[in-house]
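> After the structure tokens below, expect a handful of questions from me.
The values are calculated or read from the model by the stated rules, or taken from the named source; none is laboratory data. As the structure is a computational prediction, the values presented were derived from the model and not from experiment. Cβ atoms come from the backbone with ideal geometry, glycine included; neighbour counts cover every protein chain shown. Only protein heavy atoms, including side chains, enter the accessible area calculation; ligands, DNA and RNA are left aside. Shrake-Rupley method; radii C 1.70, N 1.55, O 1.52, S 1.80 Å.
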Amino acid sequence: MEPSLILKALSNETRRQILFWLKNPEDYFDETPYLEQGLTLKIGACVSDIQEQSGMAQSVVSSYLLMMQKAGLLEAERVGKWTFYRRNEKTIQDFAEYIRNEL
């Protein structure tokens, strides 16, 4: 865990919002297309769904997701041509402990 990378990722409101949406993705994303593919939102949300929810350009959202993945806040899983993102709860918990104990 690199606290500086996490703090930088969390310095943007939209990136924090994405983490919030992915905490309970069933509240923010339609699971129907996932179920039709034999998947659930437990795999994460696909980039296009996150982009649609944010209202931002796909390239911006993709760069945000990549930054958050590099910081360890997100995990990515590729299925066919789709990439799904979900929260990395271990890193989030480790960072919370770091804040609680170190700062």
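> Within region 16-58, how many residues turn out to be open to solvent by 80 Å² or more (accessible area, probe 1.4 Å), part of a helix (DSSP H, G or I) and more than 19 Å from GLU89 (Cβ to Cβ)? Don't jump to the end; show me each part of the working.
Kept after step one, since they are open to solvent by 80 Å² or more (accessible area, probe 1.4 Å), are these residues of region 16-58: 16, 20, 23, 26-27, 30, 35-37, 42, 52, 58.
When the remaining residues are screened for being part of a helix (DSSP H, G or I), the result is 16, 20, 23, 26-27, 35-36, 42, 52, 58.
Those still in the list that are more than 19 Å from GLU89 (Cβ to Cβ) too: 35-36, 52, 58.
The number of residues fulfilling the criteria is 4.
> So which residues in region 52-98 are in contact with a Phe, Trp or Tyr (Cβ under 9 Å, 6 or more places away or on another chain), under 19 Å from LEU7 (Cα atoms) and not aliphatic (A, V, I, L, M)?
GLN69, GLY72, GLU75
> What number of residues within region 59-76 satisfy the criterion of being part of a helix (DSSP H, G or I), open to solvent by 60 Å² or more (accessible area, probe 1.4 Å) and touching a residue at least 12 places away in the same chain (Cβ under 8 Å)?
Total satisfying the criteria: 2.
> Which pairs have Cβ atoms under 6 Å, sit 6 or more apart or on different chains, and link a residue in region 36-51 that is farther than 17 Å from PHE20 by Cβ to one that is surrounded by 21 or more Cβ atoms within 10 Å (Cβ to Cβ)?
Matching pairs, first to second residue: THR40/TYR34; ILE43/PHE84; CYS46/PHE84.
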